[in-house]
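The values are calculated or read from the model by the stated rules, or taken from the named source; none is laboratory data. Computed from a predicted model, the values in this text were never measured in an experiment. Don't worry about glycine lacking a Cβ; one is built from the backbone with ideal geometry, like all the others, and counts go over all protein chains shown. Surface accessibility is based on the protein's heavy atoms, side chains included, excluding ligands, DNA and RNA. Shrake-Rupley method; radii C 1.70, N 1.55, O 1.52, S 1.80 Å.
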Amino acid sequence: MSMHYLFLNLEFEVRDRKLKALKANIFTSADAVKLDCEDLDGHKLSNETLKVALTSVPAMSVRKLVIVRRAEKLTEDNLTLIENFLKDATENPVLVLEAARWDSKTELKKNIRARVNVMAGAEKEAPASAFHMMDALSKGETVEALKTLKDLVTAGDAEEMILGAMIWKWSNHVKGRVTAAKYKKGLLILQEADKNVKRSRFPQREQAIEIALVKLSLLLKA
């Protein structure tokens, strides 16, 4: 039986309780917890940091505990490293992946899920995306679109990725539904936003996207 875990969609209280129980089974003192428990963020986690966490030896305990929060944000390189770690069937460190969602259609995530103990909470709604944001904009729901943008940025989505999805949506779903002139103006607005993001022309990079959303909203309503 695997000693490693995937906490999927767990409520905070449930997750906290399970982590406390796991720490109590692994560690014998508060000092051991401080020295031999690593808490990592899966968003923009470097492969080197993850590799060190999975290969370094414990200081005071028989085993280490490595917790990776927001594991849904792990890169393909991160996931490959974790898959290889699990294939070796090592019991040290104990690995806990915490994720709001886990797309098992991808081969790496499917293989990882098969090698860990899954503790899943109630299924949640699909997270908002830039596509949902553009759908709201098309319906004239500008405030909702801006709120979705804020949620995406807070969740760690890169501005370049958001803009890429916006351009794709405009090119594939808006084209043909508005006049050629409006379509072209919309592309120019998005291209301007892309330049502003890349050149960091605003204190916060997402401000370039906010401006683009407002301009597109006014364009669609004109």
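Some notes on this structure:
- Reachable lysines from LYS20, criterion Cα separation under 20 angstrom, eight or more residues apart if same chain: LYS34, LYS64
- Folded to 0 to 90 degrees: helix 159-169 orientation relative to the chain principal axis, Cα: 50
- Using 0.36 nm per residue and subtracting the Cα-Cα separation, the extra length available between TRP168 and THR106 on full extension is 20.1 nm.
- The long axis of helix 206-221 is offset from the longest Cα principal axis of the chain by roughly 40 degrees.
- Taking 0.36 nm per residue of sequence separation and removing the Cα-Cα distance, the VAL14/LYS182 pair yields an extension gain of 55.4 nm.
- With every protein chain in place, segment 37-86: carbon and sulfur % of accessible area (1.4 Å): 52
- Label zone at ALA155, where the point sits 7 Å out along the Cα-to-Cβ direction: segment 34-60 residues whose backbone N lies under 14 Å: 43
- Relative to the longest principal axis of the Cα atoms of the chain, the long axis of helix 180-198 lies at roughly 40 degrees.
- Here LEU35 and SER200 are evaluated by their C-beta separation; at R0 = 35 Å the FRET efficiency comes out at 0.35.
- Reduced Cα scattering model of segment 64-222, Debye log10 I(q)/I(0), q = 0.12, 0.17 Å⁻¹: -0.66, -0.97
- Average accessible surface area per residue within segment 132-222, 1.4 Å rolling probe, Å²: 58
- Applying 1/(1 + (r/R0)^6) with R0 = 22 Å to the Cβ-Cβ distance of HIS43 and ASN117 gives a FRET efficiency near 0.40.
- Segment 20-83 versus segment 125-158: alpha-carbon centroid distance in Å: 32
- Amide proton proximity set for VAL118, modelled H, under 5 Å, gap of 5+: LEU6
- Multiplying the residue separation of LYS221 and ALA89 by 0.36 nm and removing their Cα-Cα distance gives an extension gain of 41.7 nm.
- In terms of packing, defined here as the mean over residues of other Cβ atoms within 10 angstrom, the peptides 130-139, 63-72, 193-202 line up highest first as 63-72, 130-139, 193-202.
- MRE, 222 nm, helices only [DSSP H, n ≥ 4, -39500 (n - 2.57), over the chain, to nearest 500]: -16500 deg cm²/dmol
- GNM result for the chain, Cα springs below 10 Å: residue of LEU188, LEU149, LEU163 fluctuating most strongly: LEU188
- Debye, to nearest 20: dipole size of segment 16-93, +1 on Lys, Arg Cβ, -1 on Asp, Glu Cβ: 340
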